[in-house]
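S.K.: One structure, pasted below without further comment.
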Amino acid sequence: MRRKQLFAIILAGALAAGSAPAAVFAAESDMAVMSEEGVGNAASEEAGSEDGSSDAEAPVTDGADAADAATDTPAADNTTTDETPAADNTGAAETPAAEETPADTTPAEEAQTQEQTGETNAVAEQAAEEEDTQAEEDTGIVIADADGNPVKGEDGKVVYYKTLQEAVEAVAVYDEAANPDATTIQISKPIVFDSTVEISGRKVNIQSTAADVTITRKTEGEPFKGAMFSVKGANSQLQFFADGSDSAALTVSGKFSDDEGEEAEGAIVEVSDSAVFGLNPGVTLKENSRSSGGSAINSKDATVVLVGGSVTGNFGDMGAVYSNKDISIEGDASVAGNDGDKNIALDSDAKLVVTKELTGKSSFSHKGENAGLAVIKAGEGVTKDVLAAAVKNISYENAAKYELSAASDGLSYSLKEIKKEDPDKPVTTDYKLSYTSNSKKWINHTTVQAKCSVTGDCEWTYFFVDAKADNASITSTYAGLKKSLKFTSVKANTEFTVKAEGVPETDSKLVVLTRKNSSDTKPKAVAINLSTSSMKKSRPAEEKKDNNNKDTQKARTHKVTEGTVEGLENPIKFFPKRYISFTAIGAGTQDSAPYVSGDERWVPSYWTFSTADNAKKHTSWSVGAPKGLQIKGQGSKSYTVYVYCTKEVYNGKTWEPTDVTGYYTTSFTAVEYTDEEAAEWAKQNGTDGTGDNDGTGGDGSGEGGDGGTDAELTATAAASAKDAGSKSKSAVSTADESPIGTMSVLAALSLLAGGYVVVRKRKKEEI
């Protein structure tokens with residue numbers, strides 16, 4: 001009977017534990033920290049998940065020592081009653097303590113007590129063993145076999161690695177005969193680096209098998225600033241992959257601080273000494289700041305292969321990608337949108353080698369630029385037509401001085417210097433310069449803005465003269481300032497904006513001057529009077545000193561990419577007629593007063609699903625699919641949103657819009673749903689949820705394009721209040737959709753059943 005009672009207790013506890021949501025267990029478990037970039041003790045991450053996987057997929061951190069210490073703690077000795085586990089204390093208030101046992105206890109009763117204690121200890125040991133087993137399970141880092149399946153140990157269980165470096169070291173060293181191929185390490189959870197992952201003498205592929213997998217730097221305490229990956233030496237190789245599904249993606253970010261002045265000490269990937277690095281579709285390298293070398297990829301005497309993926313949002317004087325050897329490029333590989341349009345920097349004899357059709361857009365420069373330098377060539381099997389099409393997606397960054405010129409066979413391109421007109425030959429002035437009426441306005445007390453246009457290619461500059469200056473005085477002033485003036489090129493039939501700084505305190509004119517080139521002997525000029533009564537009256541007041549700070553507050557500047565979006569953080573089930581509202585927060589729009597002259601902010605104007613010229617501009621801040629987006633069989637699908645903003649500058653009195661626009665991006669994930677879920681949502685929200693296709697909502701083939709089909713995503717101004725942001729009852733905030741109420745009742749009944757057995761047992765013993 002005792003064994004049946006014990007079984008009832010175990011069953012009650014198991015039912016109670018199984019009924020609680022995974023999030024409860026995660027909250028109650030102690031989170032151990034992990035080392036480096038990798039994943040340490042899985043129990044500390046996912047104590048409540050049946051398979052050891054994480055609900056929140058929190059980044060793995062370092063603390064494996066604590067987990068190991070727990071594993072190494074000896075189990076309680078079950079041979080004596082002096083070390084009875086805490087589990088035996090259940091109901092202690094109802095059962096007399098051991099010292100209160102009558103002195104005439106019989107040997108049979110003592111043996112029974114020891115037997116019960118041993119059974120209880122066995123239960124505790126079993127539970128501890130199960131917990132330890134779970135702790136050794138899913139860390140998100142595995143080695144895959146040739147078929148792409150995780151490698152298993154002798155016990156038939158998948159082998160998980162605590163850190164990415166540990167997995168790399170488990171890869172067999174390259175051997176031409178025995179081990180010539182690369183080994184794939186699969187990752188499915190975010191990883192945080194606190195040291196460099198070093199790869200030498202091994203060929204490694206790192207593959208994301210889940211959506212939004214990230215590799216980032218440690219930011220807490222002393223941030224990690226070194227190279228994130230180091231690939232060095234012959235027969236050393238690293239490639240980044242996503243597994244090819246629509247949802248899988250890998251992002252490697254070098255960001256460790258919000259302070260733009262802080263620089264990393266190494267690139268995202270350092271590759272050298274005949275090693276190889278490859279970037280593939282679905283992978284993004286971003287947000288690393290470094291001026292002493294390539295910020296994202298720094299290659300010295302090594303090979304870089306760009307098959308796909310994106311390198312964007314990095315900062316550095318030597319470009320996002322630096323190499324002194326050839327770089328191969330094909331597919332949707334894109335190196336663009338990095339700071340200052342410094343994207344690919346080639347050195348020595350390095351060239352861009354087009355190996356297949358190229359759809360991604362990139363720009364590059366060459367340290368040794370000169371006329372006739374070969375910079376692009378066709379790879380093996382690439383025709384001149386394929387190369388010509390690829391070159392349309394590649395631009396040279398010093399386009400004012402050089403252009404790309406095809407060789408006679410069309411299989412290579414070199415730099416061709418853009419010839420200036422003969423300086424000894426008079427330049428004709430066959431163009432017109434015009435001032436745009438009523439376009440002048442103050443930006444601040446010492447800065448004014450005006451618009452002009454030209455009908456021919458030329459370059460422009462500006463300077464100030466006294467309000468009473470005539471044409472002769474303007475010409476004389478230009479002659480004296482000519483060598484110090486900065487000119488900006490402008491194309492024919494273009495309107496351009498002149499932002500003129502340093503306006504004198506005295507009455508003055510703004511002179512906008514244009515010329516064909518430096519040898520132009522007949523430049524054109526327009527004089528814009530800044531001393532009219534209306535301009536004097538509207539001129540912002542001079543900036544005053546802050547008496548509290550004893551100095552003038554510095555103007556706050558922002559990058560458009562600092563903008564954020566709220567309301568699209570969680571996966572979304574796009575039921576028919578369901579629209580999700582979101583909020584775009586432009587960079588600087590949340591700065592608080594007082595404002596000072598020169599403060600900047602980016603105000604969101606509209607959003608799109610694409611950067612194409614014909615992309616539909618949405619001004620209502622909500623998204624949905626009229627007939628649903630079911631994504632049959634895909635599980636999930638990610639979409640990118642481009643938020644376009646207008647730059648505004650504070651002039652000392654008001655915020656003034658400028659002609660400068662830019663965009664930042666965010667993404668959201670649409671997830672699959674069932675017809676039953678759609679019907680239930682429709683019932684709760686007062687819609688039949690059917691549309692014209694019975695609520696199936698298409699197959700998710702739309703690309704969030706500009707409202708073309710009902711299966712695609714689009715915007716609407718009629719978003720439900722229930723769907724506004726991530727706080728919506730109908731918005732997906734967790735993958736756990738268990739009937740919590742029912743499960744909680746079941747848990748309570750289970751506990752009551754277990755308690756009844758315990759009380760009954762004790763009453764029997766008292767008898």
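The numbers here are math on the coordinates, done by the rules we state, and not lab data. Note that the structure is a prediction, hence the values are computed from the model and not measured. Note: ideal-geometry Cβ built from the backbone for every residue, glycine included; neighbour counts use all protein chains shown.
S.K.: Would you mind checking LYS491/LYS537; LYS536/LYS647; LYS401/LYS440; LYS509/LYS537 for any pair whose Cα atoms are more than 23 angstrom apart? The partial results should precede the final answer.
M.R.: Working: LYS491/LYS537 35 Å; LYS536/LYS647 25 Å; LYS401/LYS440 32 Å; LYS509/LYS537 16 Å.
Pairs exceeding the cut-off: LYS491/LYS537; LYS536/LYS647; LYS401/LYS440.
S.K.: Here's another thing I want to ask about it. Which number comes out as Rg/Rh for region 433-538 once both Rg and the Kirkwood Rh are worked out on C-alpha atoms? Walk me through the numbers on the way to the answer.
M.R.: Details: Rg = 13.3 Å, Rh = 14.1 Å.
With Rg and the Kirkwood Rh in hand, the quotient comes to 0.94.
S.K.: I need the phi-derived Karplus couplings for region 474-479: 6.51 cos²θ - 1.76 cosθ + 1.60, θ = phi - 60°, integer Hz, Gly and Pro marked x.
M.R.: For region 474-479, the Karplus curve yields 4, 4, 5, 5, 4, 4 Hz.
S.K.: Based on Cα coordinates alone, diagonalise the gyration tensor for region 535-681, multiply each eigenvalue by 5, take square roots, and list the semi-axes in whole Å, largest first. The partial results should precede the final answer.
M.R.: Details: eigenvalues 359, 47, 28 Å².
Its equivalent ellipsoid spans semi-axes of 42, 15, 12 Å.
S.K.: Quick one: which of LYS361/LYS416; LYS351/LYS419; LYS377/LYS419; LYS152/LYS232 span more than 26 angstrom between C-alpha atoms? Walk me through the numbers on the way to the answer.
M.R.: Numbers: LYS361/LYS416 21 Å; LYS351/LYS419 24 Å; LYS377/LYS419 24 Å; LYS152/LYS232 29 Å.
Check vs 26 Å cut-off fails for LYS152/LYS232.
S.K.: Using 7 Å Cα-to-Cβ label points, what is the SER533/SER245 separation (nm, one decimal)?
M.R.: The two pseudo-label positions are separated by 7.4 nm.
S.K.: Measure up LYS486/LYS516; LYS573/LYS683; LYS483/LYS522; LYS451/LYS486; LYS451/LYS483; LYS203/LYS225 against 20 Å on the Cα-Cα distance and list the ones that go over. Can you show the working numbers first?
M.R.: On the way: LYS486/LYS516 14 Å; LYS573/LYS683 15 Å; LYS483/LYS522 16 Å; LYS451/LYS486 18 Å; LYS451/LYS483 24 Å; LYS203/LYS225 25 Å.
Pairs exceeding 20 Å: LYS451/LYS483; LYS203/LYS225.
S.K.: Listed highest first by mean packing, meaning other Cβ atoms within 10 Å per residue, what order do 670-676, 396-402 come in? Show your work: numbers first, answer last.
M.R.: Numbers: 670-676: 16.7, 396-402: 15.1.
Order by mean packing, descending: 670-676, 396-402.
S.K.: Between ASP385 and ASP675, what is 0.36 nm times their sequence separation minus the Cα-Cα distance? Round to one decimal in nm. Show your work: numbers first, answer last.
M.R.: Working: separation 290, 0.36 × 290 = 104.40 nm, distance 4.87 nm.
Gain on stretching ASP385 to ASP675: 99.5 nm.
S.K.: To continue, here is another question. If I take R0 = 30 Å and measure r between the Cβ atoms of SER274 and ILE418 in this structure, what FRET efficiency does the formula 1/(1 + (r/R0)^6) give, to the nearest 0.05?
M.R.: Once the sixth-power term is evaluated, E becomes 0.20.
S.K.: Using the Cα atoms as the points, what is the convex hull volume per residue of region 171-417 in Å³? Mind showing how you got there, number by number?
M.R.: Working: hull volume 30.9 nm³, N = 247.
It is 125 Å³ per residue.
S.K.: Compare the peptides 593-599, 212-218, 145-151 by average per-residue count of other Cβ atoms within 10 angstrom and give them in order, highest first. Please list the in-between numbers first.
M.R.: On the way: 593-599: 16.3, 212-218: 21.0, 145-151: 10.9.
Descending mean neighbour count gives 212-218, 593-599, 145-151.
S.K.: Could you work out the percent of alpha carbon pairs in region 173-262 separated by over 17 Å, rounded to a whole number?
M.R.: On the way: 2282 of 4005 pairs.
When all Cα pairs of region 173-262 are counted, 57 percent exceed 17 Å.
S.K.: Among 338-351, 466-479, how do they line up by average Cβ neighbours within 10 Å per residue, starting with the highest? Present the calculation step by step, with values, prior to reporting the outcome.
M.R.: Values: 338-351: 19.3, 466-479: 13.3.
Put in order of decreasing packing, that is 338-351, 466-479.
S.K.: For region 361-512, take N as its residue count and report Rg(C-alpha) divided by 2.2 N^0.38 Å.
M.R.: Working: Rg = 21.4 Å, N = 152, 2.2 N^0.38 = 14.8 Å.
Rg over 2.2 N^0.38 Å, computed on Cα atoms: 1.44.
S.K.: Would region 201-327 count as rounded, prolate or oblate if I go by the C-alpha gyration tensor, calling it rounded below 1.5 in a/c and otherwise prolate when a/b exceeds b/c, oblate otherwise? If you can, show how the numbers build up before the last one.
M.R.: Working: a/c = 1.63, a/b = 1.09, b/c = 1.50.
Because a/c hits 1.5 or more and a/b fails to exceed b/c, region 201-327 counts as oblate.
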